[in-house]
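K.L.:
Questions regarding the structure given below will be posed in turn.
The values are calculated or read from the model by the stated rules, or taken from the named source; none is laboratory data. Here the structure is a predicted model, which is why all the values come from computation and not from measurement. Cβ atoms come from the backbone with ideal geometry, glycine included; neighbour counts cover every protein chain shown. Keep in mind that these areas ignore ligands, DNA and RNA; they rest on the heavy atoms of the full protein, side chains included. Shrake-Rupley method; radii C 1.70, N 1.55, O 1.52, S 1.80 Å.
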Amino acid sequence: MNGASTPRSALALTAARGAGRRLGALLRDHPPAGAGRWDRRNHRGATVTLLEGPTAALAVATGSLASRPPYRVAGVVAALGAGAFGALDDLTERAGDRDAGARGLRGHLEALRRRRVTTGAWKVLGIGATGLAAAVVADRPRTAGQAFDTLLGGALVAGSANLLNLFDLRPGRAAKVATVVAVSLAVGAPGSAGAAAARPCAAAVLGACSAVLPDDLAGRSMLGDTGANALGGVLGVAALARWERPGRCLALATVVGLTLASERISFSRVIESVPVLRELDRLGRP
């Protein structure tokens with residue numbers, strides 16, 4: 001890290017981790033609407049809590065405040081906006097309101113084509129609007145070319161929020177993916193302006209993940225849509241801080257490609273079939 005970004009990055013990481021630990025304890029003691037509202041069954045049938053989600057969302061928003069303007073506000077918008085629409089999906093699922101037959105991105109888009117707005121479709125639209133708002137705040141476009149770059153950035157923020165949620169199928173997996181991506185966005189040659197701009201947002205994600213990962217790996221809690229969307233959204237902000245048009249195009253193509261692939265291919269099956277990925281995925285679990 002260069003000298004200009006190191007203090008902000010350290011503050012972002014420390015603030016996010018501290019907020020995550022304190023908020024986690026507070027939400028466990030005083031769960032909104034009661035603990036049962038946030039209980040779910042995981043892939044093994046065990047009961048876990050989704051309170052990790054709002055903890056992670058608020059923690060990464062707190063850490064984003066250490067970023068330099070305008071990424072400070074963009075990070076908070078991405079974290080709270082994507083997290084809020086994720087919470088809508090999480091809570092309506094518990095209440096039994098999620099629309100039957102509309103699963104995955106394809107299912108929700110097909111429902112929209114038939115003029116039926118599902119809860120998941122509201123989430124897709126809401127996170128799309130959140131991503132665009134974050135990109136507008138970050139880029140402040142004034143020309144047609146800048147507006148195009150902002151559209152790319154908005155799609156990248158929204159796509160990243162959605163993609164990370166697709167990995168939240170096993171204990172600790174989504175947080176590990178977020179950690180790896182955050183580190184990759186933070187690493188750069190000395191003097192790299194893009195890397196320096198991205199580091200505080202990436203550090204906020206690292207701090208939030210470090211706070212929630214122990215309980216996630218232990219199978220006591222999970223990020224759910226709330227936490228995964230928030231962390232993914234802030235990773236998207238870090239990506240648009242890091243890259244201009246060529247990098248954004250490549251990153252967006254990767255995000256879209258993986259999202260479309262998830263409609264046909266099981267990420268869990270792929271991870272289990274590759275020994276290195278399988279061991280990394282299981283690392284830290286009891």
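K.L.:
For the list (1) within 11 Å of the chain's Cα centre (by Cα); (2) of a type in the set (Gly, Ala, Ser); (3) outside any helix (DSSP H, G or I), I need the number of the one condition that Ser160 fails.
P.N.:
Just one mismatch for Ser160, condition (3).
K.L.:
If we keep just the residues of the range 35-68 that are within 19 Å of Leu235 (Cβ to Cβ), over 14 Å from the mean Cα position of the chain (by Cα) and not small (Gly, Ala, Ser), which is surrounded by the most Cβ atoms within 10 Å (Cβ to Cβ)?
P.N.:
Thr62
K.L.:
Follow-up. Return the residue satisfying two criteria in turn: it lies in the range 89-110 and is surrounded by 18 or more Cβ atoms within 10 Å (Cβ to Cβ) and among the hydrophobic types (A, V, I, L, M, F, W, C), and of such residues it is modelled with the lowest pLDDT.
P.N.:
It comes out as Ala102.
K.L.:
Give me the residue from the range 127-147 that is open to solvent by 50 Å² or more (accessible area, probe 1.4 Å) and touching a residue at least 12 places away in the same chain (Cβ under 8 Å) and, out of that set, farthest from Leu185 (Cα to Cα).
P.N.:
Start the filter on the range 127-147 by keeping residues that are open to solvent by 50 Å² or more (accessible area, probe 1.4 Å), which leaves 129, 132, 136, 140, 142-144, 146.
Cutting the leftovers down to touching a residue at least 12 places away in the same chain (Cβ under 8 Å) gives us 129, 132, 136, 140.
Details: Ala129: 24, Leu132: 20, Val136: 20, Arg140: 22 Å.
Among them, the one singled out is Ala129.
K.L.:
Pairs only if they're at least six apart or on different chains, beta carbon under 6 angstrom, first in the range 69-88 and more than 14 Å from Gly224 (Cα to Cα) and in contact (Cβ under 8 Å) with a residue 12 or more places away in the chain, second open to solvent by less than 20 Å² (accessible area, probe 1.4 Å) and not in a helix (DSSP H, G or I); list them, first residue then second.
P.N.:
Between residues of the range 69-88 that are more than 14 Å from Gly224 (Cα to Cα) and in contact (Cβ under 8 Å) with a residue 12 or more places away in the chain and residues that are open to solvent by less than 20 Å² (accessible area, probe 1.4 Å) and not in a helix (DSSP H, G or I), the close pairs are Gly75/Ser67.
K.L.:
Then there is this: Taking the condition of being part of a helix (DSSP H, G or I) and among the small types (Gly, Ala, Ser), how many residues in the range 163-177 meet it? Write out each step before concluding.
P.N.:
Here is the first cut: in the range 163-177, the residues part of a helix (DSSP H, G or I) are 163-165, 173-177.
If we keep only those that are among the small types (Gly, Ala, Ser) as well, we get 174-175.
Adding up the residues that qualify gives 2.
K.L.:
Within the range 148-157, which residues are over 14 Å from the mean Cα position of the chain (by Cα) and open to solvent by 10 Å² or more (accessible area, probe 1.4 Å)?
P.N.:
Phe148, Asp149, Leu151, Leu152
K.L.:
Take the conditions more than 16 Å from the chain's Cα centre (by Cα) and crowded, with 21+ Cβ neighbours inside 10 Å and apply them to Ala174. Does it pass? It would help to see each step written out before you state the result.
P.N.:
On the way: more than 16 Å from the chain's Cα centre (by Cα): no; crowded, with 21+ Cβ neighbours inside 10 Å: yes.
The answer is no for Ala174.
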